[in-house]
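One structure is given here, and the rest of the page talks about it.
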Amino acid sequence: MEKKTVVLYPGVGVGHLAPMLELARAFLLHAGDQQVDVAIVVFEPPVYANGFAATVARAKASNTSVVLHVLPPPVSDGGESGDDAEPEDPLARMLRFLRATNAPLRDFLRSLSTASRRLQAIVLDMFCADALDVAEELGLPAYFFFPSGAAGLACFLGLPAMCASVGTSFAALGESAVLSFPGVPPLRFADLPQELADDGEACKGIIGVAARMPDARGILINSFESLEPRAMRALRDGLCVPDRPTPPVYCVGPLVSPGGDTDHDCLRWLDAQPDRSVVFLCFGSMGTFPKKQLEEIAVGLERSGQRFLWVVRSPPGEAPADDVGALLPAGFQERNEDRGLVVKNWAPQVDVLRHRAAGAFVTHCGWNWTLEGVVTGLPLLCWPLYAEQKMNKVWIVEEMKLGVEMRRRDDDDVVTAEEVEAKVRWVMEDSDGARALRERAAAARDRAAEALSEGGPSRAAFLDFVVDLLASEGMVNVSPMCGPYIYVQAKSSL
């Protein structure tokens, strides 16, 4: 019997690779009886892809049936060379890098298709829109996987039309500008990603990617319908792309890591804490703060009187500290050793959030982290830092009503010790507002489980996607071609 292979191409960035790995898991769970193999292809990341290489290494070391192909980076990323070159925006450079991968990606895809194996489709990360040219050249059906939610997709698809309607750069609208996209709450200019704040290469690149996304055969999103019903209606009704048809949108989430790490000191510490008593603070692989902000967090936590587990990274631009205590106020750890634990750099987040002792989650609002909080039923204290996280904060606080914002001081953008103390104490104590928030979080957790259950809407949406994928012709009768590179086969961390 002819085997069919679906290729997943996550681009670069931990926040894009991790959910693509979970998408591969969903294929194994729901499409295994359809004789469909899954392969993930990544290119060795450039230096600016923080944490990506480590994630790939963990994926290679895991034991599973999905094959991960690691290709060398292209010879050139399309950027300018020379010592006098101006520093580039990281997103603009990433888009250049992904554009330069088209030629080796095309050769690699050709090498996968043989007389006994049909290359059925490719699923692209949201930033890999230039790979649509490769898919078209090979006659290969292409889908996008948008690793965020329905509200994020509604805004993303609406960016080209919004840009055309304002007739100027978003930044020229001014700080007080409010933008309205179908299906989502109004957004302030300050809520947009920083890359949209001017007419630079990054902004133009984002708009260009968004304009190409409707060319795909379909779009998968990492959310579930009952979490974002208004945004899903806008997408289905074609309101987000006013001048052309919107491809089918498949709501297949929540796709989150199952965890499984049981050998970490912080988990043993949690075992000794009462149920729902600990506030967990973690800000992602790029979530670093100046020493002054770390001190404000420490003072606020201490004054709150609540139990806490806090993942601390060294300030930006500094080497990782051997002793995180040196980053905090003198004597902080000693004074709080009975009710708080500070962990350096990393903790098994999913396992912490699923622990019976976890009571609330202070998060930077990255979508993967948001969903991990949602599926565990924890109220969210929202502290967005970069990229689309301020937009996610708006959805969490105003639309889903599953969290509250940690507000910054206007003059220096600092979250003060007083704010940390007040919000942590409020979310953990038994006020009417906090109780209602916990009830909504628990209800969202139950709906998330229902979405993925047998016959649930997310599982049904995924199966609809598989049916559409298998109905395509795929890429057949292509002679194997090997480009001037080697690749490493490894098993992914699913």
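Taking a cut-off of 16 Å between Cα atoms, list the lysines near Lys401, but don't count ones fewer than 8 places away on the same chain. Output for Lys401: Lys390, Lys393, Lys423.
Let me spell out the model: positive unit charges on the Cβ of Lys and Arg, negative unit charges on the Cβ of Asp and Glu, origin at the Cα centre of the chain. What dipole size does that give, in debye rounded to 20?
The calculation lands at about 1280 debye.
For P(r) over Cα pairs in 20 Å bins from 0, in percent, computed directly from the structure shown, the correct entry in [x] 20, 50, 27, 3; [y] 21, 48, 24, 7, 0; [z] 23, 56, 20, 1 is [z]. Local charge sum around Gln273 (other residues, Cβ-Cβ under 12 Å, Lys/Arg +1, Asp/Glu -1)? Neighbourhood net charge equals +2. Across the options Ser226, Gln306, Thr246, the greatest Cα extent toward the positive end of the charge dipole of the range 224-311 (unit charges at beta carbon of Lys, Arg, Asp, Glu) belongs to Thr246. In percent, rounded to a whole number, the relative contact order of the chain is 22, using alpha-carbon pairs under 8 Å and six or more apart. Applying 1/(1 + (r/R0)^6) with R0 = 22 Å to the Cβ-Cβ distance of Arg408 and Val178 gives a FRET efficiency near 0.70.
For the range 213-228, putting each phi into the Karplus relation 6.51 cos²θ - 1.76 cosθ + 1.60 with θ = phi - 60° gives couplings of 4, x, 6, 6, 6, x, 10, 9, 10, 8, 7, 10, 4, 6, 6, 9 Hz, in residue order, rounded to whole numbers and with x for Gly and Pro.
Grab the other residues whose beta carbon is less than 15 angstrom from that of Glu418, score K and R as +1, D and E as -1, and report the net.
Charge balance in the 15 Å sphere: -2.
Helix screen, the chain: DSSP H segments with Cα axial length of 18 Å or more and mean Kyte-Doolittle hydropathy at least -1.0 are 14-30, 150-166, 291-304, 432-452, 457-471. Ordering 152-158, 301-307, 261-267 by mean Cβ neighbour count within 10 Å, with the highest value first, yields 152-158, 301-307, 261-267. Here's the picture: a label point sits 7 Å out from the Cα of Ser431 along the beta-carbon direction, and within the range 386-412 the residues with their amide nitrogen under 15 Å of it are 403-407.
Sorting the segments 415-422, 20-27 by their residues' average number of neighbouring beta-carbon atoms within 10 angstrom, most packed first, yields 20-27, 415-422.
Sorting the segments 224-233, 4-13, 204-213, 286-295 by their mean number of nearby beta carbons within 10 angstrom, highest to lowest, gives 4-13, 224-233, 204-213, 286-295. If you take all other residues with their beta carbon under 15 Å from the beta carbon of Ala177, and give Lys and Arg +1 and Asp and Glu -1, the sum is -1. When shorter helices are ignored and each DSSP H run of at least 4 residues is given -39500 (n - 2.57), the per-residue value for the chain at 222 nm works out to -11500 deg cm²/dmol.
What is the range 265-448's relative contact order, in percent, from Cα pairs under 8 angstrom and six or more apart in sequence? The value is 27 percent.
Quick one: grab the alpha carbon gyration tensor of the range 137-194, order the square roots of its eigenvalues as a ≥ b ≥ c, and give me rounded if a/c is under 1.5, else prolate or oblate depending on whether a/b is larger than b/c. Taking the square roots of the gyration eigenvalues as a ≥ b ≥ c, the range 137-194 is prolate.
Between the C-alpha center of the range 251-298 and that of the range 126-193 there is a gap of 30 Å.
Any read-out appearing in this document is the output of simple, stated calculations on the displayed coordinates, not a laboratory observation. Quick caveat: nothing in here was measured; it's all calculated off a predicted structure. Every residue, glycine among them, receives a Cβ derived from its backbone with ideal geometry; neighbour counts consider all protein chains shown.
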